[in-house]
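The values are calculated or read from the model by the stated rules, or taken from the named source; none is laboratory data. For clarity, every value in this text was computed on a predicted model and none was experimentally measured. As a convention, Cβ positions derive from the backbone with ideal geometry for all residues, glycine included, and neighbour counts pool all protein chains shown. Side chains are part of the model used for accessible areas, which takes the heavy atoms of the whole protein and leaves out ligands, DNA and RNA. Shrake-Rupley method; radii C 1.70, N 1.55, O 1.52, S 1.80 Å.
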Amino acid sequence: MPAEIDLAAAAPLLLAAAALGYLLGSIPFGLLLTRLAGLGDIRAIGSGNIGATNALRTGNRWVAAGTLIGDAGKGAVAVLLAAQLGMATGTDPGWMSAVAALTAFLGHLYPVWLGFKGGKGVSTFIGVLLALYWPVGLLFCATWALVAAISRYSSLSALVGALLTPIYLAWLDQWHLVGLGVLLAALIYIAHRDNIRRLLAGTESRIGKKESGA
């Protein structure tokens with residue numbers, strides 16, 4: 001985690017960063033964009049997930065791209081705004097960023113507006129990593145792309161990338177972020193538990209395959 005901080009004194013601002021992160025993270029771009037495109041409710045399409053991979057199953061690549069950018073962007077914006085708030089108020093921006101990163105991720109996974117049933121967090125994870133320390137964000141993307149090219153499994157690509165993220169952080173001497181990286185990676189594994197079961201059973205859908213029902 002970031003440097004030591006007087007948590008009692010900083011509590012109100014850390015709570016503000018947490019609220020900011022959660023509210024931004026809970027914006028369901030996949031749901032909003034599919035509806036705006038006249039494609040109905042994304043939760044009734046493919047896997048029923050609100051993320052970019054399932055948005056691609058609509059056949060509309062623009063909606064999928066918009067979902068990816070929106071979900072990544074909200075994570076990045078949450079981290080950057082929290083850091084700015086920390087600098088403006090004299091509160092450690094490292095702590096502010098870390099809190100906003102975690103709650104933005106949780107907001108995407110468990111948005112209150114959708115009955116706490118959100119996405120699986122990969123795009124938001126990318127945005128958070130790019131804002132916290134962009135080289136690791138790029139390494140995650142490169143790992144995802146490599147595994148996806150070989151396996152054609154989006155879920156496996158995310159799982160491998162998430163597993164390696166704390167290692168990348170340690171390798172690049174970002175030890176203050178390793179704990180957060182481990183926590184976010186663990187949440188990705190929890191969110192992908194059904195995918196893990198299907199991968200083990202050999203029934204997981206590959207990238208680009210349309211599914212007929214949720």
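Data for the structure
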{"read-out": "Test set (1) in contact (Cβ under 8 Å) with a residue 60 or more places away in the chain; (2) surrounded by 21 or more Cβ atoms within 10 Å (Cβ to Cβ); (3) more than 25 Å from PRO12 (Cα to Cα); (4) of a type in the set (A, V, I, L, M, F, W, C) - LEU169 fails condition number", "value": "(1)"}
{"read-out": "Of all residues making up the stretch 59-104, the number that are of a type in the set (S, T, N, Q) and not in a helix (DSSP H, G or I)", "value": "2"}
{"read-out": "Residue match in the stretch 37-50 (condition: assigned to a helix (DSSP H, G or I) and crowded, with 24+ Cβ neighbours inside 10 Å)", "value": "yes"}
{"read-out": "Restricting the stretch 51-69 to residues that are surrounded by fewer than 20 Cβ atoms within 10 Å (Cβ to Cβ) and under 18 Å from the mean Cα position of the chain (by Cα), the residue that is farthest from LEU23 (Cα to Cα)", "value": "ALA65"}
{"read-out": "Residue match in the stretch 161-182 (condition: modelled with pLDDT of 95 or more, of a type in the set (D, E, K, R) and more than 16 Å from the chain's Cα centre (by Cα))", "value": "yes"}
{"read-out": "Among the candidates LEU129, LEU138, residue that is within 18 Å of VAL99 (Cβ to Cβ), in a helix (DSSP H, G or I) and at pLDDT 95 or above", "value": "LEU129"}
{"read-out": "Any hit, the stretch 107-129, residues being open to solvent by less than 30 Å² (accessible area, probe 1.4 Å), over 19 Å from ALA191 (Cβ atoms) and in contact (Cβ under 8 Å) with a residue 12 or more places away in the chain", "value": "no"}
{"read-out": "Positions within the stretch 94-120 being under 21 Å from LEU156 (Cβ atoms) and at pLDDT 95 or above, in sequence order", "value": "PHE105, HIS108, LEU109"}
{"read-out": "Only listed residue being touching a Lys or Arg at 6+ places or on another chain (Cβ under 9 Å) and either modelled with pLDDT under 95 or under 19 Å from LEU132 (Cα atoms) (or both), chosen from THR91, THR58", "value": "THR58"}
